[in-house]
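Structure record follows, encoded as structure tokens.
We did not get these values from a lab; they are worked out from the coordinates using the rules stated. Just so it is clear, the model here is predicted, and its values are computed rather than measured. Because the Cβ atoms are built from the backbone with ideal geometry, glycine has one as well, and the counts that use them run over all protein chains shown.
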Amino acid sequence: MPKEILINADLPEKRVAIVADGRLEEFYIEQPEDKTIVGNIYKGRIENVVPSLNAAFVDIGLDKKGFLYLSEIEPSTFEPTVEERRPLHLEVKRGDEVLVQVVKEAFGTKGPRISGHIGLAGRYLVLTPQETHWGISRRIEDETERKRLKVILESLRLPREVGFIVRTAAKGVSARGILRDAHFLLRLWSRIKKLSYRRSAPSLVYEEYDLILRIIRDSFTEEVTRVLVDSKPEYRRILAFVRSFGKDLARRIHLYQGADLFFERNIEKQIDKIFERYVYLKSKAYIVIEPTEGLVVIDVNSGGFKKNISPEEAAFKVNAEAAAEVARQLRLRDLGGIIVVDFIDMEKEEHRRQILNILTEQLCKDRAKYDCLGISKFGLVQLTRERVHNTVQAQTYQNCPYCKGWGKIKSALSLCTFALRQLKRHLHSNHPAEVNLMLNPAVSSLMEKYRDSLKILEHKFHTKINLISNPTQHLEEIKIE
């Protein structure tokens, strides 16, 4: 299916949309102060070793320490604090230095996940300098093309002490293009090693490309018919980047000079829907997406689906449409971790198997790794999806200062009762001659109905209570002075 890459870079916030036939398939966003560190390579210092986890916490110069499994420390990038090389699995200790790459962003209170297995991505290849395995991406399924690429890789005079993985973008690429990419990656690795020797830990020794160049490198494949970018400086930068590995691709890059690229292409409305809980399908059925801290729950509902067919067939048709949309939404929202999808119950095993096949087929379009555990007789599908970056929602929204992320706030009626309880405790402890009870107008107006309760408190504690309406107060805020 022909695709387009639309790049909105005329403001400090960078946004990239990958569109197929006018439909948003992938969406990425990058704030200037919140650039991803995934792919960055650091020279770090081990701060603490935790034998029970077989892991270490590593200072890489960021606010949070990186988490590193000891099994992922490569001897070639490990520098003990003593001259004699020690048995790695026994002797890693505080103060040792190690070269690591960030493989997962920091989430919540957790620091970034790091690894000693370095991988440098080029346009057509991934260089794995500590391994010797050469292979072809599993996403290249055509056997003839796999054999062609394997022959090319074997024919190139490349060092055998490092590993190479041929990427999907290499389909149809000549041996010359692949060799040029390999030489670029080898020179890059040489510079990284030299820099790591010169710098003291903790320090950054290699910074991954920003969002726009990463998308061009990873997603600008033969399927993409056009790249539209609305910033002249970014347009020139992309052209220079692309010409370094293929002049033919430059013809497909165009500068957009209209008023609003995303609005004109009807992308803005589709982006807004990414943040909604309810996703409506063409059949008028819908899915509900509920991310929690530990997992994501997705519920499939028939909604307004109306066809003169049996309940079993209706459930199957809704589930089939929902399965494709679930995979798309996971990709769009970049949701990760444990995911549970509750499809509508189906009696037939064949129907359940087909729904699972649709879901897994659509998940194959995703660059993130996933593992699907099958479908139960109740229509439940459990899967995990690789979580690498912060979600699009986390980069765009913050928790509501009113509900604190709960999604709900207390009713004015319950707040009246709560205020009366607080007032009673205050009067019991302080015995003031006069007290001010200050409430949000929505609560204070309802409190007028509790005048009898206020009079009882006045009589009991021999005090005067002044009810004050304060429009600047949070709805749930109660002030007693």
Report, in degrees rounded to the nearest 10, the 0 to 90 angle that the Cα long axis of helix 349-363 makes with the longest principal axis of the chain. 70
³J(HN,Hα), Karplus 6.51/-1.76/1.60, whole Hz, each residue of segment 436-442, x for Gly, Pro: 9, 10, 9, 9, 4, x, 5
Once a ≥ b ≥ c are taken as the square roots of the eigenvalues of the Cα gyration tensor of segment 277-393, is the result rounded (a/c under 1.5), prolate (a/b larger than b/c) or oblate (a/b not larger than b/c)? prolate
From fewest to most C-beta neighbours within 10 Å, the residues Cys400, Cys372 line up as Cys400, Cys372
Long-range HN-HN contacts of Lys104 with modeled amide H, under 5 Å: Arg113
Could you list Trp406, Trp189 so that the one with the fewest beta carbons within 10 Å of its beta carbon is first and the one with the most is last? Trp406, Trp189
Check: the chain dipole with +1 on Lys, Arg Cβ and -1 on Asp, Glu Cβ, in debye: 680
Restricting attention to segment 314-360, which GluC sites (Glu not before Pro) occupy a DSSP loop and are surrounded by at most 15 other Cβ atoms within 10 Å? Glu347
Order of 357-363, 313-319 by packing, highest average Cβ count within 10 Å first? 313-319, 357-363
Sites Glu264 and Arg421 - FRET efficiency at Förster radius 41 Å, r taken between beta-carbons, to 0.05: 0.15
Per principal axis, descending, Cα span of the chain in whole Å: 96, 73, 52
Express in nm, to one decimal, how much length is gained between Val340 and Ser52 on full extension, taking 0.36 nm for each residue of separation and deducting their alpha carbon distance. 100.7 nm
Spelling out what I want: for every residue of segment 41-53, take phi, set θ = phi - 60°, compute 6.51 cos²θ - 1.76 cosθ + 1.60 (Karplus), and round to whole Hz; glycine and proline get x. 10, 10, 9, x, 10, 5, 9, 7, 10, 10, x, 5, 9
Over all distinct alpha-carbon pairs, what is the Kirkwood Rh of segment 90-135 in angstrom? 13.1
On full extension of the chain, what length is gained from Glu33 through Lys479, given 0.36 nm per residue of separation minus the C-alpha to C-alpha distance? 156.8 nm
Calculated from backbone phi, Karplus (6.51, -1.76, 1.60) coupling profile of segment 259-271 in Hz, x at Gly/Pro: 7, 8, 4, 5, 5, 5, 8, 6, 8, 4, 5, 5, 5
Please report the antiparallel percentage of DSSP beta bridges with both residues in the chain, rounded to the nearest 5. 70
Work out, step by step, the length gained on full extension between Ala442 and Glu361: first 0.36 nm times the residue separation, then minus their alpha carbon distance; give nm to one decimal. 24.0 nm
XL table Lys171/Lys269; Lys14/Lys64; Lys232/Lys365; Lys65/Lys93; Lys171/Lys369; Lys104/Lys410; Cα-Cα > 27 Å flagged, in table order, is Lys171/Lys269; Lys232/Lys365; Lys104/Lys410
Consider a paramagnetic label point 7 Å from the Cα of Lys377 along Cα→Cβ; state which residues of segment 309-325 have an amide N under 20 Å from it. 311-313, 315-316
What ranking do Leu125, Leu413, Leu281 get, fewest neighbouring Cβ atoms within 10 angstrom at the top? Leu413, Leu281, Leu125
Set Lys307/Lys348; Lys408/Lys455; Lys307/Lys377, cut-off 26 Å on Cα-Cα distance; pairs above it are Lys408/Lys455
About its Cα centre, how strong a charge dipole does segment 412-480 have in debye, to the nearest 20, once Lys and Arg get +1 and Asp and Glu get -1 at the Cβ? 220
